[in-house]
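The values are calculated or read from the model by the stated rules, or taken from the named source; none is laboratory data. This one's a predicted model, so the numbers in the text were calculated from it and none came from an experiment. The protein model used for the area step is the full one, side chains on, heavy atoms only, and it has no ligands, DNA or RNA in it. Shrake-Rupley method; radii C 1.70, N 1.55, O 1.52, S 1.80 Å.
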Amino acid sequence: MNLQPLLDALKLQEDAARALADDLRAQIDDLQTRLREAETRLEHLAITRTTVTGLTDRLPAGPPDLPEHPDYPRILDAFNQTTGPLRAKDVCEALGHELLPKNVEGTRAKLKRLVKLGILTEADTGNFARKQ
């Protein structure tokens, strides 16, 4: 019996398996390198998050968002144009609203909302001023 063809077939299969193993090792090396890079990036991001979180108490607070109504920017503009406190009636006049009780009360509610947001202060009852 001639064993040479069988040995040649085994050699071909061994060479193919060896080539596959070498290719897989190269892929593993590449993946390990990419994994190390990703882990390093994660560490840097965690350090950055810790640093930023630690600094938040030192950053000045931004202005609060105004409620979505066209009168609010106009109300603040009225306060920017005056030096003293304003009453709800004064603000109504500045906005061009009629001095009807419903308009004055609506404006007073908006002024109180701005006080709650920390934008205005109510020095005396009914007297509103821009917070310093």
Open item on the list: At 0.36 nm per residue, and after removing the present C-alpha to C-alpha distance, how many nm does the segment from A46 to E93 gain when stretched out fully?
Closed with: 11.5 nm
Open item on the list: Along its three principal axes, how long is region 1-103 when you only count alpha carbons? Whole Å, largest extent first please.
Closed with: 117, 31, 18
- [ ] Mind telling me which of I28, I119, I75 comes out most flexible in a GNM of the chain, alpha-carbon contacts under 10 Å?
- [x] I28
Open item on the list: What is the percent carbon and sulfur in the accessible area of region 1-130, measuring with a 1.4 Å probe over the protein chains and ignoring ligands?
Closed with: 56
Open item on the list: Quick check for the chain: number of Lys pairs with alpha-carbon distance under 28 Å, counting only pairs 8 or more apart or on different chains?
Closed with: 12
Open item on the list: As a test of the definition: which semi-axes, in Å, follow for region 54-110 when you take the square root of five times each eigenvalue of its alpha carbon gyration tensor? Largest first, please.
Closed with: 29, 13, 9
Task: Å² of accessible area per residue within the chain, as computed with a 1.4 Å probe and no ligands counted - done: 79
